[in-house]
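Just below is one structure, and these are the notes that go with it.
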Amino acid sequence: MKSVFQIIVAVSLAAPVISFAQQANTPVTRAQVRQELAQLVKAGYNPAKRDIGKYPADLQAAQASIAAQHGTAGGAKPDASK
């Protein structure tokens, strides 16, 4: 019984570490950032607009528009290789 408890504790402690290690934290290139910004501007987002009250909604609307064009859900970023 003690060994089962130890295994459960070990697995529960290791799970967050394993899930964190699976995240892709690759650096983004300048070209990828410029491409994403160009797509956002084309979708209607204006980064120069100073309306702080509408900032998140404007950006999210542009991201949703891009996601709809690429057939992805949840505002996922489009593949930079396209």
Margin query: Looking only at segment 65-82, filter to residues that are in a helix (DSSP H, G or I) and surrounded by fewer than 15 Cβ atoms within 10 Å (Cβ to Cβ); which one of those is modelled with the highest pLDDT?
Written below: Ala68
Check: Restricting attention to segment 34-60, and to residues there that are closer than 17 Å to His70 by Cα and charged (D, E, K, R), which single residue is surrounded by the most Cβ atoms within 10 Å (Cβ to Cβ)?
Finding: Glu36
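The values are calculated or read from the model by the stated rules, or taken from the named source; none is laboratory data. Note that this is a predicted model, so its numbers are computed, not measured. Every residue, glycine among them, receives a Cβ derived from its backbone with ideal geometry; neighbour counts consider all protein chains shown.
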